[in-house]
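Notes follow the structure.
The values are calculated or read from the model by the stated rules, or taken from the named source; none is laboratory data. These numbers were taken from a predicted model, which means no experiment stands behind them. Neighbour counts are summed over all protein chains in view; Cβ atoms, including those assigned to glycine, are modelled from backbone coordinates with ideal geometry. For accessibility, only protein heavy atoms count, side chains too; no ligands or nucleic acids. Shrake-Rupley method; radii C 1.70, N 1.55, O 1.52, S 1.80 Å.
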Amino acid sequence: MNPIDKIDENHQNLVVPKAFRRFEDLIIQALMVLISIMVLAAFWGLIVDIYHLLMHGALNNLNHKAFQSVFGMIMTLLIAIEFNHTIMHAHIESSREVLVKTVILVAILAIARQFIVAEVETISPFILIALALSLLSLGVVYWLMERLPASQRKTRKNVPVARSRPQFRQ
């Protein structure tokens, strides 16, 4: 092999990963900003909708549809906040590990939201069964991950590791 080719090969091996890492960081930061803007807009929309519901007395009459709508918006906000937190955690820690447990919990929240906002009279039984089976399978996966000893969770260096958030003492 020509020494110049070797220098170019080594140079490429150093430059390309660093450039790609910078590119990933830029995209992650942009995603965090965009999701934060969406969270703020959704929160403002929630405030406005609750204000209108209070002014029109919909919450006083125990209107089922009003509660369903409000809780659907709250669940959407929680999902977006948790998703943003997952992205931020991966960025701040400078790791490329996907927090598998958090992603599973976000998916469980999303399916739970579908159950909350679903109109039982109009939804297909097949969709209900599909949502229920999805929720059950995600719950089983989460339960299995919780039961797996910490020593077995870590695998090879490049394979994602399932970790949970740190628990704070109360």
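Here are a few things to note about the model shown:
- Ranked by the mean number of other Cβ atoms within 10 Å per residue, highest first, peptides 123-131, 38-46, 78-86 order as 78-86, 38-46, 123-131.
- Residues Met32 and Ile127, FRET efficiency given R0 of 22 Å [Cβ-Cβ distance, rounded to 0.05]: 0.10
- Charge tally in the Cβ shell below 12 Å around Gly72, where Lys, Arg are +1 and Asp, Glu are -1, Gly72 excluded: 0
- Taken along its principal axes, the alpha carbon cloud of the range 17-81 reaches lengths of 60, 16, 10 Å, longest axis first.
- Accessible surface ranking for Asp49, Asp25, 1.4 angstrom probe, highest first: Asp49, Asp25.
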